2 protein chains.
Amino acid sequence: MTFELLATDGAARRGRLTTGHGVVDTPVFMPVGTRAAVKSLSPDDLRDAGSQIVLANTYHLLLRPGHELIQELGGLHRFMAWDRAILTDSGGFQVWSLSKLRKVSEEGVEFRSPIDGAMHFLSPELSVAIQHALGADIVHPLDECLAYPATREATERSLELTLRWAQRSRAEHRRGPAAQALFGIVQGGSHADLRIRAAHETVALGFDGYAIGGMAVGEPKPAMYDLTERVAEILPADRPRYLMGVGKPDDLVEAVARGVDMFDCVLPTRNARNGQCFTPDGPLVIKHARYAREAAPIEDGCPCYACRRFSRAYLRHLFMAGELLVYRLLSLHNVTFFLRLMADMREAVASGAFGPFRTRFSARYAVSSVDVSLDPISEVD
Amino acid sequence: MTFELLATDGAARRGRLTTGHGVVDTPVFMPVGTRAAVKSLSPDDLRDAGSQIVLANTYHLLLRPGHELIQELGGLHRFMAWDRAILTDSGGFQVWSLSKLRKVSEEGVEFRSPIDGAMHFLSPELSVAIQHALGADIVHPLDECLAYPATREATERSLELTLRWAQRSRAEHRRGPAAQALFGIVQGGSHADLRIRAAHETVALGFDGYAIGGMAVGEPKPAMYDLTERVAEILPADRPRYLMGVGKPDDLVEAVARGVDMFDCVLPTRNARNGQCFTPDGPLVIKHARYAREAAPIEDGCPCYACRRFSRAYLRHLFMAGELLVYRLLSLHNVTFFLRLMADMREAVASGAFGPFRTRFSARYAVSSVDVSLDPISEVD
């Protein structure tokens with residue numbers, strides 16, 4: 001994998017990743033293909049929306065259908081019929097957020113499967129080996145995620161474990177196929193000096209790119225922006241930077257302004273399933289009675305299939321009736337919206353107009369009164 | 001609407017309907033777009049599967065979102081973004097099967113909405129007027145459906161009411177747009193002489209086509225085949241014949257052999273959502289462990305998107321994980337299978353080879369041990 005930095009505008013960056021499965025233009029948003037599928041969307045839907053890379057969750061695939069099965073069937077790309085790039089996480093975040101019973105030791109983490117109650121063990125070596133078996137283009141070392149807030153002591157102990165695991169992961173990765181890239185993950189909770197220390201020590205180990213983990217877990221938004229900015233300043237300019245699990249459209253713009261290149265979040269697909277549609281004028285909730293007779297599409301000028309073919313009135317009808325088609329159509333729109341926002345940012349950075357873009361976007365996006373929060377998890381994603 | 005009979009082979013017929021929304025080659029299977037959407041499929045999916053016509057349910061659209069709203073938004077074709085032909089039923093069957101509280105009088109039928117408990121009244125005139133407002137290409141008169149079994153007396157009383165309603169519907173229809181066709185519905189329960197009487201009297205009234213209603217409601221299969229054959233013999237050769245709500249692949253072949261031209265059934269989409277996939281070797285149940293590592297598609301040589309792109313192993317994984325994408329993929333496959341079966345029958349009739357086709361199909365299709373029944377209604381369709 002190679003990364004070229006094509007342009008900068010302030011801290012904002014326009015870049016290009018070249019992977020074994022095609023080019024990825026950055027800043028990029030990665031739709032989340034939790035269990036080898038982006039919920040309700042087909043690979044062709046993702047391609048039509050402009051996606052060059054998707055994320056898949058090691059934790060979920062390990063539990064079902066298992067990485068050996070996927071490897072036997074030719075790897076994750078063939079399994080899910082997606083020939084563009086795939087990034088996998090290490091499984092650490094889901095062990096932390098989804099497995100009720102888990103036990104962390106120096107060796108790794110033991111956890112109970114929520115599917116069948118079986119005990120599983122994940123070590124840094126095993127996590128990397130699983131990601132190699134899946135054949136992801138970008139893989140991650142096992143890390144420990146702490147709940148917010150955490151004491152300084154707990155955070156320090158945790159980030160040191162994450163750093164030792166990062167070293168072991170790097171060693172395991174060197175035994176794998178050369179085509180796969182390994183990113184380091186910067187932890188450090190909400191303590192600025194620990195974040196800075198984690199950034200320096202992760203960079204010292206040396207990785208193909210750098211993820212910022214453990215963000216958007218409950219800390220105030222200004223803290224997230226500030227920590228992101230301070231970590232990004234430390235990361236090497238010639239490597240991609242990935243802010244894990246973020247975020248809302250305004251978060252994406254603010255993080256790009258601070259030098260982040262890559263993002264992922266279940267927001268566009270999960271909130272679509274609850275009827276929330278993103279637009280440049282802020283989100284709208286399709287079930288509102290005011291859309292019952294509206295012939296207009298969700299977003300004027302949006303090139304997605306939902307907007308080209310259907311009225312708000314029809315989509316509202318499908319949503320009220322619980323018709324399965326609507327989940328796909330709204331997901332398609334939201335993913336298209338997120339990917340167009342990234343394309344607009346890339347163009348703004350390339351033309352040196354990111355500042356005015358950011359101002360214009362924020363002013364217009366803020367008009368909506370709809371509360372955007374990540375909807376509660378109703379299904380695993 | 002015009003109907004041309006292009007070829008016959010025994011009682012089997014190859015024909016062509018020309019509607020205000022394109023040509024419909026018969027024998028034809030109509031996917032069911034219950035509430036202005038064929039469950040989980042988009043209009044483009046239906047077009048890719050080869051569909052020239054879909055059915056929509058007057059009863060469901062009357063209750064939600066209402067025919068006035070659909071008319072205000074330009075009619076059903078524009079509302080659901082489907083520019084090919086649409087056939088609507090009268091609502092009678094759903095009043096009978098879905099509304100717990102209903103009261104039939106000479107004037108019409110009063111029933112309670114299962115959505116909000118509101119009382120509604122449907123008369124023959126209103127049913128036709130609603131279907132005109134929707135803008136369907138083929139509409140139907142309100143009819144009464146009887147449960148099986150029913151006494152001779154009850155059946156006779158009921159079919160006489162249906163015939164009086166058919167006359168009123170025809171009168172109302174003549175006040176509507178000329179582009180819409182009105183089919184008559186032959187009732188008569190499982191009493192052969194009453195079926196024959198109903199067929200003669202419906203034909204005497206004169207309609208653009210003839211539906212055979214109240215079949216596949218519990219009567220033995222030989223009785224259904226026999227009654228269909230005897231009714232079809234009476235219907236005029238120059239008008240299309242439609243066997244309502246049928247059916248399974250082998251039923252389609254047997255009914256075409258008896259002179260039927262049109263069919264509809266929720267089977268391909270409803271059973272898809274329960275993991276049942278139709279193939280020339282009979283249906284298969286995707287969740288079976290034997291498919292866990294199968295790289296083959298559902299059906300070799302099937303041109304549908306699910307078969308061109310995905311393995312049985314991947315589809316099984318999606319089904320076991322409850323991923324929304326799988327409902328669309330299996331529905332797409334099943335609808336494609338039904339439409340290809342009809343295309344094969346059209347070709348067999350046109351080339352005078354329907355007999356051998358029927359023998360070959362039955363022998364091969366019967367090998368599966370999977371029980372095909374219409375799965376219970378989990379949602380309204």
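Would you mind stating whether B:Ser362 is part of a helix (DSSP H, G or I), of a type in the set (Gly, Ala, Ser) and either away from every other protein chain (no Cβ under 14 Å) or out of contact with any Lys or Arg (no Cβ under 7 Å at 6 or more places or on another chain) (or both)?
yes
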It is to be established whether one or more residues within segment A:91-108 are under 30 Å from B:Arg308 (Cα atoms) and open to solvent by 10 Å² or more (accessible area, probe 1.4 Å). no
Among the candidates B:Asp250, B:Asp193, B:Asp281, B:Asp226, single out the residue that is open to solvent by 10 Å² or more (accessible area, probe 1.4 Å), under 18 Å from B:Arg346 (Cβ atoms), among the acidic types (Asp, Glu) and over 13 Å from the mean Cα position of the chain (by Cα). B:Asp250
Residues of segment B:112-149 that turn out to be crowded, with 17+ Cβ neighbours inside 10 Å, assigned to a loop (DSSP other than H, G, I, E, B), at negative phi and not acidic (Asp, Glu), as a count: 7
Yes/no for B:Arg35 being under 26 Å from B:Leu159 (Cβ atoms), open to solvent by 10 Å² or more (accessible area, probe 1.4 Å), touching a helix residue (DSSP H, G or I) at 6+ places or on another chain (Cβ under 7 Å) and basic (Lys, Arg): no
Selection within segment A:1-26 - at positive phi and open to solvent by less than 60 Å² (accessible area, probe 1.4 Å): A:Gly22
Of the residues in segment B:97-113, those that are in contact (Cβ under 8 Å) with a residue 24 or more places away in the chain and over 17 Å from B:Val266 (Cα atoms) number 5
Quickly run through segment A:286-316 and pick out the residues that are within 12 Å of chain B (Cβ to nearest Cβ), touching a residue at least 24 places away in the same chain (Cβ under 8 Å), under 22 Å from B:His67 (Cβ atoms) and crowded, with 21+ Cβ neighbours inside 10 Å. A:Tyr291, A:Arg312, A:Leu315, A:Arg316
Are any of the residues in segment B:334-344 open to solvent by 10 Å² or more (accessible area, probe 1.4 Å), in contact with a helix residue (DSSP H, G or I) (Cβ under 8 Å, 6 or more places away or on another chain) and within 14 Å of chain A (Cβ to nearest Cβ)? no
Exception for A:Gly50 within (1) surrounded by 20 or more Cβ atoms within 10 Å (Cβ to Cβ); (2) in contact with a helix residue (DSSP H, G or I) (Cβ under 6 Å, 6 or more places away or on another chain) falls at (1)
Taking segment B:70-90, which residues are of a type outside the set (D, E, K, R), in contact with a helix residue (DSSP H, G or I) (Cβ under 8 Å, 6 or more places away or on another chain) and under 29 Å from A:Tyr305 (Cβ atoms)? B:Ile70, B:Gln71, B:Leu73, B:Gly75, B:Leu76, B:Phe79, B:Met80, B:Ala81, B:Trp82, B:Ile86, B:Thr88
Reported set for segment A:351-365 where residues are more than 21 Å from A:Ile286 (Cα to Cα) and surrounded by 15 or more Cβ atoms within 10 Å (Cβ to Cβ) is A:Phe354, A:Phe357, A:Arg358, A:Phe361
Checking A:Leu163 against (1) outside any helix (DSSP H, G or I); (2) open to solvent by less than 40 Å² (accessible area, probe 1.4 Å); (3) not small (Gly, Ala, Ser), which test does it fail? (1)
Evaluate the following for A:Leu329: is it within 14 Å of chain B (Cβ to nearest Cβ), within 22 Å of the chain's Cα centre (by Cα) and not in a loop (DSSP other than H, G, I, E, B)? yes
Quick check on A:Ile185: is it assigned to a helix (DSSP H, G or I) and of a type in the set (A, V, I, L, M)? no
Would segment A:325-332 turn up any residue that is among the hydroxyl-bearing types (Ser, Thr, Tyr) and open to solvent by 10 Å² or more (accessible area, probe 1.4 Å)? yes
Which of the residues that make up segment A:55-96 are without any contact (Cβ under 8 Å) to a residue 40 or more places away in the chain and under 20 Å from A:Gly22 (Cα atoms)? A:Gly74, A:Arg78, A:Ala81
For A:Arg170, only one of the following conditions fails: (1) open to solvent by 30 Å² or more (accessible area, probe 1.4 Å); (2) farther than 25 Å from A:Ala85 by Cβ; (3) touching a residue at least 12 places away in the same chain (Cβ under 8 Å); (4) in a helix (DSSP H, G or I). What is its number? (2)
Exactly one of B:Val253, B:Val260 is assigned to a loop (DSSP other than H, G, I, E, B) and more than 14 Å from chain A (Cβ to nearest Cβ), and that residue is B:Val260
Looking for something open to solvent by less than 10 Å² (accessible area, probe 1.4 Å), closer than 27 Å to B:Cys265 by Cβ and assigned to a helix (DSSP H, G or I) - is there at least one such residue anywhere in segment B:150-157? yes
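The values are calculated or read from the model by the stated rules, or taken from the named source; none is laboratory data. What you see is a predicted model, and the numbers here were worked out from it, not measured in a lab. Every residue, glycine among them, receives a Cβ derived from its backbone with ideal geometry; neighbour counts consider all protein chains shown. Only protein heavy atoms, including side chains, enter the accessible area calculation; ligands, DNA and RNA are left aside. Shrake-Rupley method; radii C 1.70, N 1.55, O 1.52, S 1.80 Å.
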